[in-house]
Amino acid sequence: MAEDISDGELALTERAALRRVVGLSTELADISEVEYRQLRLERVVLVGVWTSGTVEQADASLAELGRLAETAGSEVLEGLIQRRDRPDPATYIGSGKVRELADTVRANGADTVICDGELSAGQLRQLEEKLKVKVIDRTALILDIFAQHARSREGKAQVELAQLQYLMPRLRGWGSALSRQAGGRAGGAGGGVGLRGPGETKLEIDRRRIHKRIAKLRKEVVGMDTVRRTKRDRRLANEVPSVAIVGYTNAGKSSLLNAITGAGVLVQDALFATLDPTTRRGVTPDGRDYTLTDTVGFVRHLPHQLVDAFRSTLEEAVAADVLLHVVDAADALPEAQVEAVREVLGEITEGRDETLPPELLVVNKADAVDELELARLRHVFPEAIVVSARTGTGVADLIEAIADRLPRPDVLVEALLPYASGALVARVHREGEVLSERHTADGTMLSARVRPDLAGVLAGFTTNGTAG
């Protein structure tokens, strides 16, 4: 039945209906407006510079770049790695490797080259001139995926802000050909004394327009952040505990949210499948309510523009009572995933007095690896909970572990509630921790730990006052 389809399934169907058309050319041509051309990736060649670490880490980084490219809608043809102490300042990979790369591009009929790093404007220009195809870097690729997958108004504004911040130092235009001279009486013939010259170039006009747009987007994001903070403050006023799900992209965060709460959010085997945070209600085995928020996924070398633009969204994790850190057991380097996530979280709290909440590490996708690898992961992460969101294995243990780490009500009360106050008894069960309950001729005798606000409501029924 149509009404049984979840929101996530509908979103996945809509996304599949908007696949990119294979065969469109990716021409190199200046455009009259700002030169941020929509990435039309079809047949791509990957190239990376290996400066440090092991060969396995270098291969894993390029393989991840390939998955990012496929998520953006492209077909990966080949990948090259150049061993260097540092990237070449002119062409990223050096002149000799550029010639080899040009031969590879021509031999495979590629129309785009993707570099596994952030390129400067000069590097981009040099490579495009020598390769005669479009060249983009890792940052532009991730920004393109975010632009495709953002659905909410806040998400779209955050992505556009990150794109414009990335674009500003890389603007290219028609040069002085479209420059403006002073007009009117001040200009006179030839522009007048002191006013002759090229005037304002098209590039300067574009730069000014982008600055205005960035300022407007910043105001919008701040306004939306105010709404988010208001909702968060309301939860804090009600003292509803919160759990934030963080982790590497495609580690199974949304699947875990669905497994715990039945949220029905979009699940797809792709990097950055979901960007907009989703908050759902959870209930502990002993009946306490809490919120569970799925945040945006992380990746190695997450562009700093995205960290800045999505700061308000990522702060949901910092404000939580518990961090549910999800790790992909099937990944080639799960330890590197954990390190990348913690690095980004450290950026959010840098320079602030806040500290990160307690972390509960969850190794997901246990069904996708063998027992030997699971044993290794249990040794590497001894305090982690091993689960499979797909099969449900270990999810009950995870819910118990979440309940153990949530802050508990700290006010002990003993109250005799008349039978006419059944709604208040239900509220104590829902929001507090009932230690004992017995029924008497005069009503229900409860001994429970509750929050201070609920203790105030029960003050007229207490038999022993309150104790901390």
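What shape does the range 41-105 take by its C-alpha gyration tensor, where a ≥ b ≥ c are the square roots of the eigenvalues and a/c under 1.5 counts as rounded, a/b above b/c as prolate, and the rest as oblate?
Working: a/c = 2.27, a/b = 1.24, b/c = 1.83.
Oblate.
Describe numerically, in nm with one decimal, the distance between label points set 7 Å from Cα along Cα→Cβ at Arg281 and at Asp225.
Once both label points are built, they end up 3.0 nm from each other.
Any lysines with Cα under 25 Å of the Lys219 Cα? List them, leaving off those in the same chain fewer than 8 positions away.
Straight-distance partners of Lys219: Lys156, Lys231.
In straight Cα distance, which lysines are under 21 Å from Lys130, not counting same-chain residues fewer than 8 positions off?
Lys97
For Asp370, what accessible area in Å² do you get when you roll a 1.4 Å probe over the heavy atoms of the protein chains, rounding to the nearest 10?
Answer for Asp370: close to 90 Å² accessible.
³J(HN,Hα) across the range 149-165 via Karplus (A = 6.51, B = -1.76, C = 1.60, θ = phi - 60°), whole Hz, x for Gly/Pro?
Running phi through 6.51 cos²θ - 1.76 cosθ + 1.60 with θ = phi - 60° gives 9, 5, 10, 7, 4, 5, x, 5, 5, 5, 5, 4, 4, 5, 4, 5, 5 Hz.
I need the shape label for the range 277-322. Rule: rounded when a/c is under 1.5, else prolate if a/b > b/c, else oblate, with a, b, c from the alpha carbon gyration tensor.
Judged from the Cα gyration tensor, the range 277-322 comes out prolate (a/c at least 1.5, a/b above b/c).
Enumerate the amide H contacts of Thr278 below 5 Å, restricted to partners 5 or more residues apart or on another chain; note that Pro and chain-start residues carry no placed amide H.
Correct list: Asp294.
When ligands, DNA and RNA are left out and all protein chains stay put, how many square angstrom of accessible area per residue does the range 60-121 have with a 1.4 Å probe?
Values: 2670 Å² over 62 residues.
Ligands and nucleic acids excluded, the figure is 43 Å² per residue.
Rolling a 1.4 angstrom probe over the protein chains, ignoring ligands and nucleic acids, what is the accessible area of Thr279 in square angstrom, nearest 10?
Estimated to the nearest 10 Å², Thr279 gives 60 Å².
The values are calculated or read from the model by the stated rules, or taken from the named source; none is laboratory data. The shown structure was predicted, so the numbers you read here are calculated from the model rather than taken from an experiment. Counting neighbours? That spans all protein chains shown, and the Cβs are built from the backbone with ideal geometry, glycine included. In case anyone asks, the SASA skips ligands and DNA or RNA and just uses the protein heavy atoms, side chains included. Shrake-Rupley method; radii C 1.70, N 1.55, O 1.52, S 1.80 Å.
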